[in-house]
Amino acid sequence: MKTLERLNESKLTVVIPTFNEVENIPLILRKIEDTLKNVNFEIIFVDDNSSDGSIEKIRELETEKRNISLLHRIGRRGLSGACIEGMLAAKSELVAIIDCDLQHDDTKLIDMLEKFDNQKDLDLVIGSRYNDTGKSKDGFNTIRKLGSEFAIFLTKKLLRIHTTDPMSGFFMVKKKSLLLIINKLQPNGFKILADIIACSNRNLKKWEITEVGYEFKKRTSGQSKMSLIVILEFLGLILSHLSRGLLSIRFILFLMVGLSGVLVQLLSTFLSLKLSLEPYIFAHSVGVFMAMTSNYYFNNLLTYKDRPLSGFSFFRGLFSFYLICSAGALANISTAKLFYDYTEIWVLSSLMGAILGAVWNFIFSSIFTWKVR
């Protein structure tokens, strides 16, 4: 075992992403302080503009304790992005990520520190729920447990990851190793560890990775952030790495939304034709308009959820989206008409028109509607 004197030589930053976790903040702080009482450490809370008093609670703690700080994010949202910004803000050699929901075992931070002390070339220590000493059944209901295990299976097979728990949100990383791949990490998404491991696999120097088993506990307060959007972001992460980073998660999500827009367009065109809206070009134009509207709504909800437009900005963004996509829509309609005049197959005509406008819509809506640079 490491002596207390050697533990004191360690410098650790614990990054805790928060979003509406006001009840858990004092609890996790007390637990980490008890665990790391013989360690020189700091805590960075990264908050995505919570509305439940989390920010005020962290600021109160910040004035009381020198090793507590708040990174308050406005206009940005998402777990991966919060973790990346928190790790970059850390001044220590080692950085740990732990959730604020008390489901991770903070006492394992000591075991992680010992791993780094005993293995000088170590780059990453993962808190695993699925190795020989890890447990997960108490922290999941049956459906979530099956979903987690399937996601891990998919990640390991498709991305050639060999750790037992690449979906863990509990890990410790050497910052100088992280900086070598930081520009490859994607702020969109929920599973930052899988992104880190997949990027490290493409690094020239193979990372040294080990695990510490822990028991995944049941959430006692607050709400889980798991949702359909998180699942779609996870699939986007997988597809992004399968493309070797050529396609970003954001672009893949945009394409997913675009695919739903194709269905909306086809359905709207079909209904318009059934209502005897002739000639075909008018029916197709109705389909295009409905698809543009649905695409804007779902892109704001999913693709750009880290910078969603609301209130007056939502309608201004919708107007901007219509204008930006108008050129793509004209190409869409012209192409569809050309195919329909030649084939009279309305499904194929609508599909070809939709594909043509997709790339234009992504590039210029990113720049002008959601102002992503």
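The values are calculated or read from the model by the stated rules, or taken from the named source; none is laboratory data. Not measured: the values here are computed from a predicted model. Every residue, glycine as well, gets a Cβ built from its backbone with ideal geometry; the counts of neighbours run over all protein chains shown. For the accessible areas, the whole protein counts, side chains as well, though only heavy atoms, and no ligand, DNA or RNA atoms are used. Shrake-Rupley method; radii C 1.70, N 1.55, O 1.52, S 1.80 Å.
Points worth noting:
- Extents of the chain, largest first, come to 82, 42, 38 Å (Cα atoms, principal axes, whole angstrom).
- Accessible surface of the range 99-221 [probe 1.4 Å, protein heavy atoms]: carbon and sulfur percent: 53 percent
- Electrostatic dipole magnitude of the range 40-92 [Cβ: Lys, Arg +1; Asp, Glu -1; Cα centre; debye, to 20]: 180 debye
- Alpha-carbon centroid distance for the pair the range 257-274 / the range 103-118, whole angstrom: 53 Å
- For a label point 7 Å along the Cα-to-beta-carbon line of residue 274, residues of the range 329-358 with backbone N under 20 Å: 345-351
- The portion of the accessible surface of the range 238-373 made up by carbon and sulfur, rounded to a whole percent, is 75 (1.4 Å probe; DNA, RNA and ligands excluded).
- Helix 280-298 axis, angle to the chain major axis (alpha carbon atoms, nearest 10°): 10 degrees
- Dipole magnitude of the range 234-364, debye to nearest 20 (Cβ charges: Lys/Arg +1, Asp/Glu -1, about Cα centre): 440 debye
- Compactness relative to 2.2 N^0.38 Å, alpha carbon Rg of the range 172-278: 1.56
- In order through the range 247-263: 3J(HN,Hα) via Karplus (6.51 cos²θ - 1.76 cosθ + 1.60), integer Hz, x for Gly, Pro: 9, 6, 4, 4, 5, 5, 5, 4, 5, 4, 5, x, 5, 5, x, 4, 5
- Residue among 70, 54, 146 farthest towards the positive dipole end of the range 12-154, charges placed on Cβ: 146
- Placed amide H near residue 128: partners under 5 Å, 5+ positions off or other chain: 212, 213, 214
- The range 59-101 - accessible surface per residue (Å², probe 1.4 Å): 47 Å²
- Contour excess over end-to-end distance, with Cα ends at residue 154 and residue 60 and 0.36 nm allotted per residue: 29.6 nm
- 222 nm mean residue ellipticity, helices alone, for the chain (DSSP H n ≥ 4; -39,500 (n - 2.57); rounded to 500): -17000 deg cm²/dmol
- With respect to the chain, whose longest principal axis is taken over its alpha-carbon atoms, helix 346-364 is tilted by about 50°.
- Solvent-accessible area of residue 272 with every protein chain in place, 1.4 Å probe, in Å² to the nearest 10: 10 Å²
- Computed accessible area, residue 346, all protein chains, 1.4 angstrom probe, square angstrom: 70 Å²
- Angle in degrees between helix 54-64 and the longest Cα principal axis of the chain, rounded to the nearest 10: 30 degrees
- Percent of C-alpha pairs per 5 Å bin, the range 20-80, short to long: 4, 18, 29, 25, 15, 8, 2, 0
- Take 253-264, 309-320, 97-108 and order them by the average number of nearby Cβ atoms within 10 Å per residue, most first; the result is 97-108, 253-264, 309-320.
- Within the chain: Cβ-based charge dipole about Cα centre, in debye rounded to nearest 20 (Lys, Arg +1; Asp, Glu -1): 600 debye
- Restraint check, 157/305; 115/156; 145/205; 31/175; 57/120, Cα-Cα greater than 31 Å: 145/205; 57/120
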